[in-house]
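A.B. asks: Quick one: the structure is below, and I'll ask about it shortly.
The values are calculated or read from the model by the stated rules, or taken from the named source; none is laboratory data. Small disclaimer: the values here were computed from a predicted structure and weren't measured. As a convention, Cβ positions derive from the backbone with ideal geometry for all residues, glycine included, and neighbour counts pool all protein chains shown. These accessible areas exclude ligands, DNA and RNA; they are computed on the full protein's heavy atoms, side chains included. Shrake-Rupley method; radii C 1.70, N 1.55, O 1.52, S 1.80 Å.
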Amino acid sequence: MSHPTDAPPAIVYYGDDFTGATDTLATGARAGLRTLLFLRVPTPAQLDAAGTLDCVGIAGAARSMAPDEMRAELAPVAALFRRLGARVLHYKTCSTFDSAPTVGSIGVAIDTLRPAVDTPWTAIVGGQPDLERYCLFGHLFAAAGSGGEVHRIDRHPTMSRHPVTPMHEADLRRHLALQGLADVQSLPYPQYTQGFGAWRAPASGAVLFDVADNAHLQAIGRVLWPQAEAASLLAVGPSSVVQALAPQLATAPHTPARVAPARGPVLALAGSLSPVTARQVAAARSFETVWLDPQRLVVDARARTEAIGVVSALLAQGRHVLACTVRPGTAPATDSGVSARALAMAGGELLAGVLAAVPLSRVGVAGGDTSSHAVQALDAWGLSYRAPLAPGVALCRLHSDAVQLDGLELALKGGQMGGEDFFERLVHGNA
């Protein structure tokens, strides 16, 4: 088996949360790129076991980190990129760009990763049309749920009220300037129809590429890949970065498989505060719902042990279980002083405990931070793509040296992703 350093990958990407990282995994795999998502910076042995890859992913949780913690998290990613000799270093953000100077700062990420590449300017891809995210004249717009009304991001019913990183500015140039990235040049979408002949790359700073449709992504890819071949490049944005580059790299797209019904009881863990997830929970008719007290889950180890026991017992009886930390009609736990990150970490401990007690074949997790910390709690090292479960949500295969975990099917869902039947699809598939 050849080592990736013998044939360098074209792209190394870091996902700032696990749900987004799996979406990029799916994007690369569907485009025909040999892609594997590692759950932390891989060891040489893990890279060797993976074989030759076109796209190497690293799932992280930088979206919920303070600046100093982000720098420590991303420094090994920069070192891996240099060591592998890849051409594009992709910092994968949420498609809504929600971030703040003190939490998940995109400016801090760029400042930390830019020294690893040769190109003196950073490419920022501003939209992901497949997820109904659009960037027009530097301003970000997003649909409220799949097929919902499109709002300017600072007027979005969910993202403008995000409990950790609310979006109060739609102009991404101003949004990023608050995070220390003041020199952002906007490349508006009408220029795409005229070609890029008159455009010249800047000597420094960043270029924000508008994205109104997928044809714009193809045009962006035709600009970025020759630049990356000449001098390695830092690209920032959602999975549309890989979507833009893939046609320059892959010979044929992957034929997507359908998701078969689960082979046994399914566990779903919902920690998302999104109204989209709330509607999905309400429509989850195949599940036994277990309501978890978020405050007790965080502060009381006995409460976590009890919850693990309750959920495990139901699963052992062959019942599908939906464990929720947000009860409809109640105030979010964060309103009572419970840290969103602490709650996500408690959810991860719950998931690890249940999987240690009951062998399962399929698990779903809703919520970006919840997914990140839940998967980090598992004794596993990688994810590969299986099939699309819903727009922006892939069903993946877990890779682990632990026999009980290796091969587990895992779906990680951001709060805004999926239709109302998401949890039902997790059980019954879409075949």
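A.B. asks: Any residue at all in region 221-238 that's open to solvent by 30 Å² or more (accessible area, probe 1.4 Å), over 30 Å from Phe287 (Cβ atoms), assigned to a loop (DSSP other than H, G, I, E, B) and in contact (Cβ under 8 Å) with a residue 12 or more places away in the chain?
C.D. replies: No, the conditions are met nowhere in region 221-238.
A.B. asks: Sticking with this one: With the condition being without any contact (Cβ under 8 Å) to a residue 60 or more places away in the chain and surrounded by fewer than 19 Cβ atoms within 10 Å (Cβ to Cβ), I'd like the strands (runs of 3 or more DSSP E) fully within region 343-431 carrying at least 1 qualifying residues.
C.D. replies: Once the strands (runs of 3 or more DSSP E) in region 343-431 are filtered for at least 1 residues that are without any contact (Cβ under 8 Å) to a residue 60 or more places away in the chain and surrounded by fewer than 19 Cβ atoms within 10 Å (Cβ to Cβ), what remains is 393-399.
A.B. asks: Considering region 82-99 alone, what residues qualify as being within 30 Å of Leu140 (Cβ to Cβ) and part of a loop (DSSP other than H, G, I, E, B)?
C.D. replies: Answer for region 82-99, where residues must be within 30 Å of Leu140 (Cβ to Cβ) and part of a loop (DSSP other than H, G, I, E, B): Ala86, Arg87, Thr93, Cys94, Ser95, Thr96, Phe97, Asp98, Ser99.
A.B. asks: With respect to Ile124, is the statement that it is part of a helix (DSSP H, G or I), crowded, with 16+ Cβ neighbours inside 10 Å and at pLDDT 95 or above true?
C.D. replies: No, not satisfied.
A.B. asks: With the requirement that a residue be free of Cβ contacts under 8 Å to residues at least 40 places away in the same chain and outside any helix (DSSP H, G or I), what does region 188-210 give you?
C.D. replies: Listed by number, the residues that qualify are Gly195, Phe196, Gly197, Ala198, Trp199, Arg200.
A.B. asks: Go through region 136-186 and give me each residue that's among the hydrophobic types (A, V, I, L, M, F, W, C), assigned to a strand (DSSP E or B) and surrounded by 16 or more Cβ atoms within 10 Å (Cβ to Cβ).
C.D. replies: Leu136, Leu140, Phe141, Ala142, Ala143, Val184
A.B. asks: Determine which member of the set Ala170, Ala142 is over 22 Å from Ala206 (Cα atoms), in contact (Cβ under 8 Å) with a residue 24 or more places away in the chain and not β-branched (Val, Ile, Thr).
C.D. replies: Among Ala170, Ala142, only Ala142 is over 22 Å from Ala206 (Cα atoms), in contact (Cβ under 8 Å) with a residue 24 or more places away in the chain and not β-branched (Val, Ile, Thr).
A.B. asks: Using the structure shown, decide if Phe18 is modelled with pLDDT under 90, closer than 21 Å to Gly237 by Cα and within 14 Å of the chain's Cα centre (by Cα).
C.D. replies: Yes.
A.B. asks: Which one of these is within 30 Å of Ala323 (Cα to Cα) and either under 23 Å from the mean Cα position of the chain (by Cα) or part of a loop (DSSP other than H, G, I, E, B) (or both): Ala257, Ala252?
C.D. replies: That would be Ala257, the only listed residue that is within 30 Å of Ala323 (Cα to Cα) and either under 23 Å from the mean Cα position of the chain (by Cα) or part of a loop (DSSP other than H, G, I, E, B) (or both).
A.B. asks: Looking for something within 24 Å of Val56 (Cβ to Cβ), polar (S, T, N, Q) and assigned to a loop (DSSP other than H, G, I, E, B) - is there at least one such residue anywhere in region 261-275?
C.D. replies: No.
A.B. asks: Regarding region 110-117, can at least one residue be identified that is of a type in the set (Gly, Ala, Ser), under 30 Å from Gly51 (Cβ atoms) and touching a strand residue (DSSP E or B) at 6+ places or on another chain (Cβ under 9 Å)?
C.D. replies: Looking through region 110-117, at least one residue is of a type in the set (Gly, Ala, Ser), under 30 Å from Gly51 (Cβ atoms) and touching a strand residue (DSSP E or B) at 6+ places or on another chain (Cβ under 9 Å).
A.B. asks: Additional query: Go through (1) among the β-branched types (Val, Ile, Thr); (2) under 17 Å from Leu315 (Cβ atoms); (3) within 16 Å of the chain's Cα centre (by Cα) one by one and return the number of the condition Val427 breaks.
C.D. replies: Against the list (1) among the β-branched types (Val, Ile, Thr); (2) under 17 Å from Leu315 (Cβ atoms); (3) within 16 Å of the chain's Cα centre (by Cα), Val427 comes up short only on (3).
A.B. asks: A follow-up question, please. Within the group Thr96, Thr43, which residue is among the hydroxyl-bearing types (Ser, Thr, Tyr) and within 19 Å of the chain's Cα centre (by Cα)?
C.D. replies: Thr96
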